[in-house]
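For reference, the structure discussed in these notes is given below.
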Amino acid sequence: MKKVFVFLLAIAISQTVIADEISDAISAALESYNAGETSAAIEKLDFAANKLKQIKSESITKLLPDPMESWSIVENNSDSHMASAFGGMVMAGKDYIKGQSKVSIIVITDSPMVQSTAMMFANPMMVKLSGDKVIDINGKKAILHYMQGNGKISILLDEKILISVDGSNVKQEDLEKYAAGVNFEELLKLQQGL
């Protein structure tokens, strides 16, 4: 019990430190702006924006499913898609393994790439021509590409959030279960700032 309390306290302190970093950066940016130092103001605002994106990315990661039975999450994998923020885009993900099978879930928000993907979802003919098919995942339209144990499910939420579930050496039903395990409702709330 004591270990759990210490762990939770450490998380709370780290979030407070990050929040203070953001407030400090915004205040420093305002001071720089008022002093006519626009480059310094931009740099400090960029720092604050990147910290906010990091918080959003970490929140998204928490909405991804736990590993299914006999699967595990790849920890500290330098090749993984853990919480990241690049430019205007926020990306978060988890990698899961079971023997030779691997599934990666990646969520991308705040990216022009998401809007360009919306065209594919809006045109079923494009989906058919590419050899893919439209399926339903928890009431949401999804595009499935699956061939010989390798596949991908793409889900577009509110034309703002792209969820990609990629798998290798995996059953189609496992891909679909992982896709269904993503908390769509909470992702939409997070994106809308609720």
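The values are calculated or read from the model by the stated rules, or taken from the named source; none is laboratory data. Nothing here was measured: the structure is a model prediction, and the numbers come from that model. Please note: Cβ atoms are built from the backbone with ideal geometry, for glycine as well, and neighbour counts cover all protein chains shown. Ligands, DNA and RNA are excluded from the accessible area calculation, which covers all protein heavy atoms including side chains. Shrake-Rupley method; radii C 1.70, N 1.55, O 1.52, S 1.80 Å.
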Inset, instruction - Show the residue pairs that are 6+ apart or on different chains and have beta-carbon atoms under 6 Å apart, the first residue being within the range 130-144 and in contact (Cβ under 8 Å) with a residue 12 or more places away in the chain, the second being open to solvent by less than 60 Å² (accessible area, probe 1.4 Å) and of a type in the set (Gly, Ala, Ser). - result: Ile135/Ala142; Ile137/Ala179; Ile137/Ala180; Asn138/Ala180; Ile143/Ser154
Legend entry - Close pairs from the range 11-30: first farther than 17 Å from Ser59 by Cβ, partner modelled with pLDDT under 55, Cβ under 7 Å, at least 6 apart: none
Inset, instruction - Could you tell me whether the range 64-79 includes any residue that is at pLDDT 90 or above, part of a helix (DSSP H, G or I) and of a type in the set (S, T, N, Q)? - result: no
Inset, instruction - Return a yes/no flag: does the range 148-156 have any residue that is surrounded by fewer than 18 Cβ atoms within 10 Å (Cβ to Cβ), at positive phi and either without any contact (Cβ under 8 Å) to a residue 24 or more places away in the chain or in contact with a His (Cβ under 6 Å, 6 or more places away or on another chain) (or both). - result: yes
Inset, instruction - Output yes when any residue across the range 127-139 is assigned to a strand (DSSP E or B), among the charged types (D, E, K, R), touching a Gly at 6+ places or on another chain (Cβ under 8 Å) and open to solvent by 30 Å² or more (accessible area, probe 1.4 Å), and no when none is. - result: no
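How many residues are of a type in the set (Asp, Glu) and under 22 Å from Gln115 (Cα atoms) if we restrict to the range 135-194?
6
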Legend entry - Candidate set from the range 169-189 (those that are over 16 Å from Pro65 (Cβ atoms) and assigned to a helix (DSSP H, G or I)); member that is modelled with the highest pLDDT: Gln172
Inset, instruction - Find the residue count for the range 89-126, including only residues that are open to solvent by less than 20 Å² (accessible area, probe 1.4 Å), of a type in the set (Gly, Ala, Ser) and part of a helix (DSSP H, G or I). - result: 1
